[in-house]
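The values are calculated or read from the model by the stated rules, or taken from the named source; none is laboratory data. Predicted, not measured: the structure shown is a model, and the values here were computed from it. Reconstructed Cβ throughout: ideal geometry from the backbone, glycine too, with neighbour counts over all protein chains shown.
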Amino acid sequence: MKHYLSVKDINSLPDWVSEARTLKENPTQFKALGAGKTICLLFFNNSLRTRLSTQKAAMNLGMEVMVMNFGNEGWALEFDDGTIMDQGKAEHIKEAAKVVSQYCDIIAIRAFAGLKDKAKDEAEEVLMGFKKYASVPIVNMESSVGHPLQALADAITLAEHNTKSKPKVVLSWAPHPKALPHAVANSFVEMMQLQDSEFVITHPKGYELNSEITKNIKIEYDQKKACENADFVYVKNWSSYSDYGKVVNQDTDWMFTKEKMGQAKFMHCLPVRRNVVVEDSVLDSEQSLVIEQANNRIYSAQLVLKKFLENHQE
Ligand code: CP
């Protein structure tokens, strides 16, 4: 693996989940592996879990960590070739990526979708710009189209709590006051396609995800019906993909409730808006796995970083 950019970079999900769970039993067992190595975390958008869990993962491996909030503090980057840079952009990705590569052994990047221009978002110019011009491995800490560290943490959480050979897993849309990206939902869908389950997606009409990602997956437009007898329900808001980036429905009936949950375990990547996306009684119940999902973000990141450090040794 040269980079960890999407769920497609996972060569064996069962092996990765198993190795991450072993790491979790003794998180500092490979502390010598990262001695003298540095990771640079570049944030073009806000974060709580991703920043701290990736930092913790690197520390568990003995690495040094440098963090930069690029969005607020870095020079505005130009990505197009041949541009006359006489406007607001002060630095080209060519120099920025090569310079940062000299300071560290791994670069991790968070750069969300702008939700204005589908083609621009799908080109993932920040992530792909660093991939093109950096000379060290790149880790995706949530890009325009994917959040593969979250999906790997979710796979670990599912494995820890699953008791069936083929559990019923539901991905449910829920309302939100703002237009949100598709990255978490996309990567969750891609991750679910790597394991055996009865997987159903439920959302109001108009919120279909990219059909290239959801192909062959059942979509049920009745949320209550979709959640019947579910073992796990993963709730997430996303904006419209066809009417790109728009909030086309805010039907509050789609808020996730205890009644809809039944006996299922509840999952959400966080942050979550209480009593808008999901009611308090779900989040505060024993069936909620959200805190454990956030904990597993450490071990998903640690596994990925460990693989790069081991590659470097070969
Ligand atoms: N789930 C997640 O990525 O959380 P943050 O946005 O707080 O990093």
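The single residue among 17, 67 that is within 28 Å of residue 272 (Cα to Cα) and surrounded by fewer than 20 Cβ atoms within 10 Å (Cβ to Cβ) turns out to be 67.
Can you say whether residue 213 is free of Cβ contacts under 8 Å to residues at least 24 places away in the same chain, farther than 21 Å from residue 283 by Cα and among the β-branched types (Val, Ile, Thr), as far as the supplied structure shows? The answer is no for residue 213.
Check whether at least one residue in the range 80-91 is of a type in the set (A, V, I, L, M) and surrounded by 15 or more Cβ atoms within 10 Å (Cβ to Cβ), and report yes or no. No, the conditions are met nowhere in the range 80-91. Is it true that some residue in the range 86-94 is without any contact (Cβ under 8 Å) to a residue 40 or more places away in the chain, over 27 Å from residue 125 (Cα atoms) and part of a loop (DSSP other than H, G, I, E, B)? No; the residues of the range 86-94 include none that is without any contact (Cβ under 8 Å) to a residue 40 or more places away in the chain, over 27 Å from residue 125 (Cα atoms) and part of a loop (DSSP other than H, G, I, E, B). Cβ-Cβ distances below 7 Å connect the following pairs, each with a first residue in the range 278-300 that is more than 14 Å from residue 264 (Cα to Cα) and hydroxyl-bearing (Ser, Thr, Tyr), a second residue that is in a helix (DSSP H, G or I) and within 13 Å of the ligand (Cβ to nearest atom), and a separation of six or more residues or different chains: 300/149; 300/152; 300/153. Considering the range 109-169, the qualifying helices (runs of 4 or more DSSP H), each wholly inside and each with 2 or more residues that are away from the ligand (no atom under 14 Å from the Cβ) and in contact with a helix residue (DSSP H, G or I) (Cβ under 9 Å, 6 or more places away or on another chain), run over 125-133, 148-161. Residues satisfying the criterion are present in the range 71-88 (criterion: hydroxyl-bearing (Ser, Thr, Tyr), more than 20 Å from residue 39 (Cα to Cα) and in the same structural domain as residue 309 (by TED's automatic domain parsing)). For the range 2-20, the count of residues that are basic (Lys, Arg), closer than 18 Å to residue 303 by Cβ and within 16 Å of the ligand (Cβ to nearest atom) is zero. The requirement of being part of a loop (DSSP other than H, G, I, E, B) and surrounded by 15 or more Cβ atoms within 10 Å (Cβ to Cβ) is fulfilled nowhere in the range 290-299; no residue meets it.
Could you check the range 53-85 and list, in sequence order, the residues that are in contact with a strand residue (DSSP E or B) (Cβ under 7 Å, 6 or more places away or on another chain), more than 25 Å from residue 295 (Cα to Cα) and not charged (D, E, K, R)? Hits for the range 53-85 are 70, 71, 74, 75, 77, 85.
Restricting attention to the range 30-73 and to residues that are modelled with pLDDT of 95 or more, closer than 21 Å to residue 102 by Cα and assigned to a helix (DSSP H, G or I), the residue that is farthest from the ligand (Cβ to nearest atom) turns out to be 59.
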